[in-house]
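Scroll down for the structure; my scribbles are underneath it.
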Amino acid sequence: MNSNKNCHNQLIKIFPNFSESISLKNLFLNQNLRKLGTHLRPFVYANFITSLDGRISLVHSKIKDHVVPETIANKRDWRLFQELATQADGILVSGRYMRQLAKNTAQDGFPVSTKSSYQDLIKWRISQGLSPQPAIIIISSSLDFTLSEKLLNSDRSIYVAIGSNGNLEKIRRFEEKGIRIIIAGSNIQVEGRQLITALGQARMSTIYMAAGSQVFHTLIKDHQIDRLYLTHALKLLGGTHFDTLLSGDQLALPAEFKLHALYYDKKSSENEINQLFAIYDRCS
Ligand SMILES: NC(=O)c1ccc[n+]([C@@H]2O[C@H](COP(=O)([O-])OP(=O)(O)OC[C@H]3O[C@@H](n4cnc5c(N)ncnc54)[C@H](OP(=O)(O)O)[C@@H]3O)[C@@H](O)[C@H]2O)c1
């Protein structure tokens, strides 16, 4: 492992084959996720960073809202997050995230980031014959969010997914702005299987779940998550108001996973953290 912080780009691969030096850059891009899905059966993957005590979010002392804990969010994990988004036809986000974006309390805008350090990823999409940015699919039952002019004027496709009892007036207002509506659910809530089938019919074959524990539950309970990318930040955080990666009703059958790969990212400077990048595949 290179201990020089200026060239620190290496990880230790622990599983399946041990290797002392693997490059962080393009680690997830090289997984070729686009080969794993079809329009008939899209490949659906989720990604979280969690503390050792299972926190994916904590209440921020100033913002007074749940956000990814600042003490675990880090650039190296963020690079991999962007690489996952790069391979997606569509990215699932929540209505709540849209409200956070409007208040400027969300972690960042939508991936793929247009910052200079991620330009290689946008170029990669174009080289694959893809649009520069994946579509955004907003899952909401309240439809209680607005879309910024910047997003509406971008060339990104935008979908809103809702159950069949969604508010018709709000749906009409979104449609007038050119947003595509997906009805996926027999009541007001979106149902996982119907959602993924509809996105496949919309010609999507790789779908990235970038929302939180409720959307994850919606998909897990309908057996729609194929792979989980989980960054274990090796820190204990505590705190009494937090989210874990799955919320909602207890699953009738636990969702079982197997280890696909595991990497150790050892910190080489004070502003980095020790973390494990784990990849889990859903057992069929
Ligand atoms: N550490 C990490 O890697 C990570 C990753 C993602 C998120 N997070 C954190 O997790 C917390 C929650 O994230 P989040 O709000 O984006 O995600 P979420 O908890 O999955 O989504 C909540 C919102 O999504 C909508 N929703 C969820 N399931 C639905 C369904 N089946 N049908 C219709 N609408 C549904 C609802 O929106 P409406 O209220 O509009 O109806 C609901 O309020 C945040 O603090 C976030 O920072 C952490």
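The values are calculated or read from the model by the stated rules, or taken from the named source; none is laboratory data. Nothing here was measured: the structure is a model prediction, and the numbers come from that model. Cβ atoms come from the backbone with ideal geometry, glycine included; neighbour counts cover every protein chain shown. Heads up: the accessible areas ignore ligands, DNA and RNA and are worked out on the full protein's heavy atoms, side chains in. Shrake-Rupley method; radii C 1.70, N 1.55, O 1.52, S 1.80 Å.
Site pair T146 and E169 shows an inter-label distance of 1.7 nm when each label is modelled 7 Å from Cα along Cα→Cβ.
Rounded, prolate or oblate: pick one for segment 214-278, where a ≥ b ≥ c are the square roots of the eigenvalues of its C-alpha gyration tensor, a/c under 1.5 means rounded, and failing that, prolate if a/b is larger than b/c, else oblate.
Working: a/c = 3.24, a/b = 1.59, b/c = 2.03.
Because a/c hits 1.5 or more and a/b fails to exceed b/c, segment 214-278 counts as oblate.
Which value does Rg/Rh take for the chain over its C-alpha atoms, Rh per Kirkwood? Rounded to two decimals, Rg/Rh equals 0.95.
Measuring spread by the Cα atoms of segment 121-239 yields a radius of gyration and Dmax of 16.1, 47 Å. Once the chain from D53 to S131 is taken as fully extended at 0.36 nm per residue, the excess over their C-alpha distance is 24.2 nm.
Relative to one another, the C-alpha centroids of segment 141-157 and segment 44-92 are positioned 21 Å apart. Taking Cβ atoms as reference points and 13 Å as the exclusive limit, the residues near E176 contribute a net charge of +3, counting Lys and Arg as +1 and Asp and Glu as -1.
The angle between the Cα long axis of helix 75-86 and the longest principal axis of the Cα atoms of the chain comes to about 40 degrees, rounded to the nearest 10.
State the extension gain, in nm to one decimal, for the chain segment bounded by E270 and A102, taking 0.36 nm per residue of separation less the distance between their alpha-carbons. Could the numbers behind the result be given before it?
Values: separation 168, 0.36 × 168 = 60.48 nm, distance 3.27 nm.
Between E270 and A102, full extension yields an extra 57.2 nm.
If the Kirkwood radius is taken over C-alpha pairs of segment 118-182, then at 4 °C and 1.567 mPa s the Stokes-Einstein diffusion coefficient equals 98 µm²/s.
Per the Kirkwood treatment, what hydrodynamic radius in Å, one decimal, follows for segment 57-111 from the mean inverse distance over all distinct Cα pairs?
On the way: mean 1/r = 0.0805 Å⁻¹.
One decimal place: 12.4 Å for the Kirkwood radius.
Report, for segment 7-282, the % of DSSP beta bridges that are antiparallel, rounded to 5.
On the way: 25 of 52 bridges.
In segment 7-282, approximately 50 percent of DSSP beta bridges are antiparallel ones.
Going through segment 114-167, which trypsin sites (Lys or Arg not before Pro) have at most 12 other Cβ atoms within 10 Å and a DSSP loop state?
Working: sites: K115, K123, R125, K150, R156; in loops: K115, R156.
Filter output for segment 114-167: K115.
Between segment 196-218 and segment 229-284, how many Å separate their Cα centres? Here the two parts' Cα centres lie 20 Å apart. Please check the chain for the longest run free of GluC sites (Glu not before Pro) that are loop-located per DSSP (anything but H, G, I, E, B) and have at most 16 other Cβ atoms within 10 Å. No qualifying site falls inside 71-255, the longest such stretch. Site pair S116 and L236 shows an inter-label distance of 4.2 nm when each label is modelled 7 Å from Cα along Cα→Cβ.
Near the amide H of D65, within less than 5 Å, lie the amide hydrogens of H60, all on another chain or at least 5 residues away, with H placed in the peptide plane. Subtracting the Cα-Cα distance of E20 and I181 from their residue separation scaled by 0.36 nm leaves 53.2 nm. Straight-line reach from K62: taking Cα to Cα under 24 Å and skipping same-chain neighbours fewer than 8 places apart, the lysines in range are K75, K103, K235. With all protein chains present, how much of the accessible area of the chain (probe radius 1.4 Å) comes from carbon and sulfur, to the nearest whole percent? The computed percentage sits at 50.
Just to be sure I understand: if I project the alpha-carbon convex hull of segment 13-142 onto a plane and average over all orientations, what area do I get in nm²? Can you show the working numbers first?
On the way: hull surface 42.0 nm².
Quarter of the Cα hull surface area: 10.5 nm².
Across segment 17-30, coupling constants 3J(HN,Hα) worked out from phi with the 6.51/-1.76/1.60 Karplus curve, θ = phi - 60°, read 10, 5, 8, 7, 8, 10, 6, 5, 4, 6, 4, 8, 4, 6 Hz, and Gly and Pro carry x.
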